[in-house]
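Structure first, commentary second.
The values are calculated or read from the model by the stated rules, or taken from the named source; none is laboratory data. Remember, it's a predicted structure, so these values are computed and weren't measured experimentally. For neighbour counting, all protein chains shown are included, and Cβ atoms are generated from backbone atoms with ideal geometry for every residue, glycine included.
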């Protein structure tokens, strides 16, 4: 398989980008739009579909996708909470996003190890 270390690093950056965008919404810097929470428009989701799935059918791939969807759903719930005026609670909920992100990182590492062994 030919997914490079650079591809994996870019996947990690895509995940950080989502977290940064979400944080900017919860701190009033930008407005949230529906595309922020759409897995088909999420850069990491797009990477999974375009780069990984065509080449690799490992369980980690589908687990990353599942956890990513949960992270997007949690982010959407935090924005709804923010819009209801529960600003501090929404910001505190960023720890949920970090937990999903940490899980995705572990799965990326496992996939990267499997990829390098192939």
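Would you confirm whether or not region 26-41 contains a residue that is under 24 Å from residue 109 (Cβ atoms) and buried (at least 19 other Cβ atoms within 10 Å of the Cβ)?
no
Could you list, ordered by first residue, the pairs with Cβ atoms under 6 Å in which the first is in region 70-88 and at negative phi and in a helix (DSSP H, G or I) and the second is modelled with pLDDT under 95 and surrounded by 14 or more Cβ atoms within 10 Å (Cβ to Cβ), at least 6 apart or interchain?
79/32
Condition test on residue 98, is it farther than 22 Å from residue 32 by Cβ, within 18 Å of the chain's Cα centre (by Cα), surrounded by fewer than 14 Cβ atoms within 10 Å (Cβ to Cβ) and at pLDDT 95 or above? Walk me through it before giving the result.
Details: farther than 22 Å from residue 32 by Cβ: no; within 18 Å of the chain's Cα centre (by Cα): yes; surrounded by fewer than 14 Cβ atoms within 10 Å (Cβ to Cβ): yes; at pLDDT 95 or above: yes.
Considered against the rule, which asks whether it is farther than 22 Å from residue 32 by Cβ, within 18 Å of the chain's Cα centre (by Cα), surrounded by fewer than 14 Cβ atoms within 10 Å (Cβ to Cβ) and at pLDDT 95 or above, residue 98 comes out as no.
For residue 117, all conditions in the list (1) surrounded by fewer than 13 Cβ atoms within 10 Å (Cβ to Cβ); (2) under 18 Å from the mean Cα position of the chain (by Cα) hold save one; what is the number of the exception?
(2)
Please specify each residue of region 25-51 satisfying the condition of being touching a residue at least 12 places away in the same chain (Cβ under 8 Å), over 15 Å from the mean Cα position of the chain (by Cα) and part of a helix (DSSP H, G or I).
25, 26, 51
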